[in-house]
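Scroll down for the structure; my scribbles are underneath it.
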Amino acid sequence: MAYRVLFGSKAARQFKKLTPALQQKVRDLLTDVAAEPYLKSFILSADLARLRYIKFSYQGVPYRIVFTVSEERQEIGVLFLGTRQNFYRDLKRYVRSL
């Protein structure tokens, strides 16, 4: 059974800033992840170890999508997405603010 994908407020704002073609690529990737979240993603390290991520490139630019998986609710919560440049620094800052 596929997990339901939900966007957090920050991730929703980041998603809206993407081009329509890139938005479609993200939707396609998240559909794949929703089918098998543990096989299609990686665990972040250190203080972010409770989070998972997928990485991909679009037109030569590396991107990351960070999310949580809720087994009880069968949901994937997208927290943060964007280009690789300064991604982890900004992610840590965002997670500390939660």
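The values are calculated or read from the model by the stated rules, or taken from the named source; none is laboratory data. Quantities reported herein were computed from a predicted structural model and do not represent experimental measurements. All Cβ positions, even for glycine, are placed from backbone atoms using ideal geometry, and neighbour counts span all protein chains on display.
Points to keep in mind about this one:
- Boolean, Ser41 is touching a Lys or Arg at 6+ places or on another chain (Cβ under 6 Å) and of a type in the set (Gly, Ala, Ser): yes
- Every condition in (1) of a type in the set (Gly, Ala, Ser); (2) more than 19 Å from Lys16 (Cα to Cα); (3) out of contact with any helix residue (DSSP H, G or I) (no Cβ under 9 Å at 6 or more places or on another chain) holds for Ser57 except the one numbered (2).
- Within the range 48-58, the only residue that satisfies the criterion of being buried (at least 18 other Cβ atoms within 10 Å of the Cβ) and either charged (D, E, K, R) or over 19 Å from Ala12 (Cβ atoms) (or both) is Arg52.
- Those residues of the range 1-43 which are in a helix (DSSP H, G or I) and of a type in the set (Lys, Arg), in sequence order: Lys10, Arg13, Lys16, Lys25, Arg27
- The lone criterion from (1) part of a helix (DSSP H, G or I); (2) of a type outside the set (Lys, Arg); (3) surrounded by 14 or more Cβ atoms within 10 Å (Cβ to Cβ) left unmet by Gly82 is number (1).
Conditions (1) modelled with pLDDT of 95 or more; (2) of a type in the set (D, E, K, R); (3) under 23 Å from Lys92 (Cα atoms); (4) exposed (fewer than 13 other Cβ atoms within 10 Å of the Cβ), marked per residue:
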residue: Gln24; (1), (2), (3), (4): yes, no, no, yes
residue: Glu36; (1), (2), (3), (4): no, yes, no, yes
residue: Ala46; (1), (2), (3), (4): no, no, yes, yes
residue: Gly60; (1), (2), (3), (4): yes, no, no, yes
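- For the range 44-66, a residue qualifies if it is within 19 Å of Ser97 (Cβ to Cβ) and assigned to a loop (DSSP other than H, G, I, E, B), and the qualifying residues are Leu44, Ala49, Arg50, Leu51.
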